[in-house]
Structure formats: C-alpha cells, structure tokens
Amino acid sequence: MRTWSITMVLALAACTPIPLPPPALPYDLNKFYSAAEAQIRASGGMRTDYAPVDAPFTKADLARNFMRIALYDEYQTVDGRYVASESPSNLRRFDQPVIVDVVNGASTPTAIAEQNLTLVAQYTRRLAGITGYDIRLATEAERANMVVFFLSREEQPTMSRQLGRYVGAVPFEVQDVFANSSNDLLCGAFSLSQRRNPDSYRSSVILIKSEHSAAQRAACVHEEMAQALGLTNDSRAARPSIFNDDEEFARLTRHDELLLRILYDPRLHSGLSAAEVGPLLPAIINDIW
C-alpha cells in the first residue's frame, strides 16, 4: 500500500459491518493531496528515474531485497482491520493468467477516465513484457481477476459493497478499507488467495483515490499492480525502488523490474518458503542481470 505521513489530524474510520457514507471534510481533498505531493517533491521525492546513477545496487542487494519484499507481508488483520505489521510468508503469486480491468467512478470526467484506462493498459503490457507471464487487459467476453478502481471518497462506501460483482467473494477487511480508509492511505492492493492453495492468488482489487494528480495516480498504478502480483512488502533498504515507504521513487525502476522477473521465474512457484527460495536466487539473478 502507498501511504504518506501527513501532518494533519485524520478522522478515525468506524469499524462497522455496513460501510457508511464518510463524514464531510473541513478541507478540499484534491488540494490536500496536491499540497502533500508538493511537500514530497520539495524533499526530493516522486522521482521517475529508471536507473539512477546515484543509487547503484549489487546482485547481493537484489537478492536481499527480494527476500524482504516477496517473502514478508506488510499488513496483518487484527480484529477485522488491517494493521501495519511485518510477518514472514511463503512466496505468493498468480498461477493463472492475470486479466486486468479498470473501473472509474461515475464522478470521473471522461477525459481523465480515458487517461486512467490508457495508463493501466500501457503498464499491463509492460508487466507482461517484464515477467514473460500472461498479463493482459480483459476483453468484453472475459471476467477480470485484477480490477483497478479509481474512486472518489464519496464513491468508496458504495463500491465497497459491490466488489463481489467484479471478482467474487471479498473479505470484510477489504470492503472496510474501500469504504473507510483514512486520507493518508493513497492507494492499496488486495490480492485474494485460492481456498485450496492459500499462496496462489485468484484475484486482486486495487483502490486508487481519484482526488490525486495524474502523477500520483500513475505512481499508485505502478506500485499497487506490482504488489498485487506478489511483491507484497516494502523495505527501507530497497533502493532505487518503489517498494520503499520513503516515497523517493514514483515509477518502476530497473531494480524493481528485476524483482518482478525473479518473482515469475519458472524456477520458483507459489508456496515456496524463504528457506527454499534463498538458495535459488543466485542462479536466477545471474541469468537475468
């Protein structure tokens, strides 16, 4: 999930089984996010470098970062809510084609809705090229299993109750985030596992708040779609990377592309433990470096 530490008192979301309309804000959310983005840029963040010369990394760095990002979960559920807390996990990824769709809220202007669709379509093709995996936009005859939602704050509670129409059953914890996420959560990805194989993803839903600028929407698409594929954690040690909460980079870097190539390398599969993945990484990294 992509978050910002914003110095403002945020309303606490109510934990209720029926998502309620959010209370009125005492400020304009578009301006709120615009000001926060300006602060990040002023401190050197939101970079779009692909291979910055000031952030070199080694094969050992890449292996360490993969282990931390792909084999740890960033959040846990506690009392029906997502709580930031790292925990070790097995390797998780899709074992079926990833079929992507885009849903824009009704309040999204047509021109911006078209921008969002183009953004996701281009990135979907890029992810397919990087991984060599079957990742593509849904046709009219196909049911998507990765849906990217661009929603305003007012649209989120209603859509939270309709997620099942798009990807099947969705846990309450995910519905709750869609309905009641705090303003410092810019966007989030939620991948749902198969019942018989909890490490194999069956579907993903991605929330991107439509009050963001075009640059921030793009940053959210880059991070959340990649995380939904199985790069579930962030690491302060990962650089140059979007999988780092310091917000320095806003677009997928060469480092991140290599992480995705490792994740979908045929020598790995969902369900492998860290102890099983570690010894395989040197040969994989040598081959893709």
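Tabulated results
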item: Residue 256 within 30 Å of residue 53 (Cα to Cα) and surrounded by fewer than 18 Cβ atoms within 10 Å (Cβ to Cβ); result: no
item: Residues of segment 235-250 that turn out to be surrounded by fewer than 19 Cβ atoms within 10 Å (Cβ to Cβ) and of a type in the set (D, E, K, R), as a count; result: 3
item: Residue 145, sole failed condition from (1) polar (S, T, N, Q); (2) over 30 Å from residue 28 (Cβ atoms); (3) over 16 Å from the mean Cα position of the chain (by Cα); result: (3)
item: Residue within segment 46-54 that is among the aliphatic types (A, V, I, L, M), over 30 Å from residue 289 (Cβ atoms) and surrounded by fewer than 19 Cβ atoms within 10 Å (Cβ to Cβ) present; result: no
item: Condition check for residue 228: more than 24 Å from residue 146 (Cβ to Cβ) and out of contact with any Cys (no Cβ under 6 Å at 6 or more places or on another chain); result: no
item: Conditions (1) surrounded by 21 or more Cβ atoms within 10 Å (Cβ to Cβ); (2) of a type in the set (Gly, Ala, Ser); (3) outside any helix (DSSP H, G or I): number failed by residue 270; result: (1)
item: Number of positions in segment 242-282 that are among the charged types (D, E, K, R) and at pLDDT below 95; result: 3
item: Options 112, 99: the member that is more than 17 Å from the chain's Cα centre (by Cα), closer than 27 Å to residue 156 by Cβ and at pLDDT 95 or above; result: 112
item: Within segment 132-153, tally of residues that are surrounded by fewer than 15 Cβ atoms within 10 Å (Cβ to Cβ) and over 21 Å from residue 115 (Cα atoms); result: 5
item: Positions within segment 218-267 being part of a helix (DSSP H, G or I) and of a type in the set (Gly, Ala, Ser), in sequence order; result: 218, 219, 226, 228
item: Residue within segment 220-230 that is over 13 Å from the mean Cα position of the chain (by Cα) and either more than 21 Å from residue 66 (Cβ to Cβ) or without any contact (Cβ under 8 Å) to a residue 24 or more places away in the chain (or both) present; result: no
item: Failed item, numbered, when residue 123 is tested on (1) in contact with a strand residue (DSSP E or B) (Cβ under 8 Å, 6 or more places away or on another chain); (2) surrounded by 13 or more Cβ atoms within 10 Å (Cβ to Cβ); result: (1)
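The values are calculated or read from the model by the stated rules, or taken from the named source; none is laboratory data. Nothing here was measured: the structure is a model prediction, and the numbers come from that model. For neighbour counting, all protein chains shown are included, and Cβ atoms are generated from backbone atoms with ideal geometry for every residue, glycine included.
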